[in-house]
Amino acid sequence: MFETIRLEKQGRVGHVVLNRPNSMNAMNGQMMKELADCFESLQNEHTLQVVKIYGEGRAFSAGGDIKEMMDPDNPMDIELVMKDVSRLAKALYTLPQVTIAIVHGASAGLGFSMALACDHVIAEENSKLAMNFIGIGLVPDGGGHFFMKERVGVPKAKEIIWAGQTLKAHDALAKGLIEEVTAEGRAMEHADNYANEVLSSPVLSRLASKNILHTLKLKELEQVLEMEASAQSAMRKTKDHMEGIQAFVQKRKPEFKGQ
């Protein structure tokens with residue numbers, strides 16, 4: 001059904017696996033669309049009560065696919081991409097299951113936004129988490145502003161977004177961005193334990209509380225997604241964005257001009 005992800009169902013647990021391991025699960029347009037379609041398909045999957053989200057290979061996700069952004073022969077349609085990114089974020093936030101992000105390696109950019117959208121984030125201690133859009137002259141998308149603000153508040157969210165720095169898991173935990181840190185290679189085990197805890201609890205009560213709390217915030221998320229899409233389209237046209245992309249590809253420090 002999907003080419004860049006896998007959806008597997010085992011009893012009451014669903015597994016959404018990012019499956020572009022040779023690209024560190026960088027999200028190209030196809031993956032963004034497939035994730036949005038997948039999460040929307042799970043809206044009515046009431047036999048599942050937990051959904052685990054993780055990456056195949058060396059990373060959770062390195063974020064947006066820079067190579068696709070730079071492809072002169074097949075330029076990225078930013079308006080179309082942002083529609084899929086917005087669908088992805090809204091569908092993930094409103095899933096009628098307890099969602100667990102299981103992070104190893106990198107969780108950057110849109111990959112980090114997606115992890116933050118989950119109910120419970122587990123990261124291995126040497127994983128690298130980064131809301132690093134600003135490094136290429138862009139703004140967080142996929143609801144990144146909303147999910148960051150929900151977890152740490154507006155002042156801290158601005159600080160983290162503007163810094164664009166890469167955080168180790170213990171730093172992210174200390175800032176309140178994630179729920180759990182594990183030793184290397186142990187995140188899946190901890191996720192299994194957490195899933196079992198959820199499934200052995202009155203899970204319908206948990207899901208009812210999630211629905212109440214998230215429904216209250218849904219209009220705000222929708223507004224943020226609209227604003228992110230508009231801002232991202234504008235940022236893609238700036239000289240600073242082109243400089244950031246070129247510097248990234250050339251592995252040098254960018255020289256931003258505020259243009």
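Listing for the model above:
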{"item": "Cα-based shape type of region 75-168, given that a ≥ b ≥ c are square roots of the gyration tensor eigenvalues and the cut on a/c is 1.5", "result": "rounded"}
{"item": "The chain - accessible surface per residue (Å², probe 1.4 Å)", "result": "47 Å²"}
{"item": "Signed unit charges on C-beta, dipole axis of the chain, positive-most listed residue 60, 148, 182", "result": "148"}
{"item": "Volume per residue that the Cα convex hull of region 151-237 spans, once the total is divided by residue count, Å³", "result": "148 Å³"}
{"item": "With every protein chain in place, the chain: carbon and sulfur % of accessible area (1.4 Å)", "result": "53 percent"}
{"item": "Choice from 26, 234, 130 showing the highest fluctuation, given a GNM over the chain with Cα pairs closer than 10 Å", "result": "234"}
{"item": "For region 169-195 and region 206-255, distance of Cα centres in Å", "result": "24 Å"}
{"item": "Of 115, 163, 101, the one that fluctuates the most in a GNM where the chain has Cα springs shorter than 10 Å", "result": "163"}
{"item": "Spatially proximal lysines relative to residue 9 (Cα-Cα < 19 Å; intrachain offsets below 8 disregarded)", "result": "52"}
{"item": "Of the chymotrypsin sites (Phe, Trp or Tyr not before Pro) in region 40-136, those whose Cβ has at most 14 other Cβ within 10 Å and which sit in DSSP loop", "result": "none"}
{"item": "Cα-based helix-to-principal-axis angle, 154-163 vs the chain, degrees rounded to 10", "result": "50 degrees"}
{"item": "Candidates per trypsin sites (Lys or Arg not before Pro) in region 44-145, loop by DSSP, up to 13 other Cβ within 10 Å", "result": "58"}
{"item": "Once exposed loop GluC sites (Glu not before Pro) are cut out (DSSP; at most 11 other Cβ, 10 Å), longest piece of the chain", "result": "4-183"}
{"item": "Loop trypsin sites (Lys or Arg not before Pro), region 175-259, which have at most 10 other Cβ atoms in a 10 Å radius of their Cβ (DSSP)", "result": "237, 251, 252, 257"}
{"item": "Convex hull of the chain built on C-alpha atoms - directionally averaged projected area, nm²", "result": "13.3 nm²"}
{"item": "Mean residue ellipticity (222 nm) of the chain, computed from DSSP H runs ≥ 4 via -39,500 (n - 2.57), nearest 500", "result": "-15000 deg cm²/dmol"}
{"item": "Of all DSSP beta bridges in the chain, antiparallel share, percent nearest 5", "result": "30 percent"}
{"item": "Volume per residue of the C-alpha convex hull in region 1-79, rounded to whole Å³", "result": "97 Å³"}
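The values are calculated or read from the model by the stated rules, or taken from the named source; none is laboratory data. This is a predicted model, so every value here is computed, not measured. With ideal geometry, Cβ positions are generated from the backbone for all residues, glycine too; neighbour counts draw on all protein chains shown. Areas reflect the complete protein model, heavy atoms only, side chains present, ligands, DNA and RNA absent. Shrake-Rupley method; radii C 1.70, N 1.55, O 1.52, S 1.80 Å.
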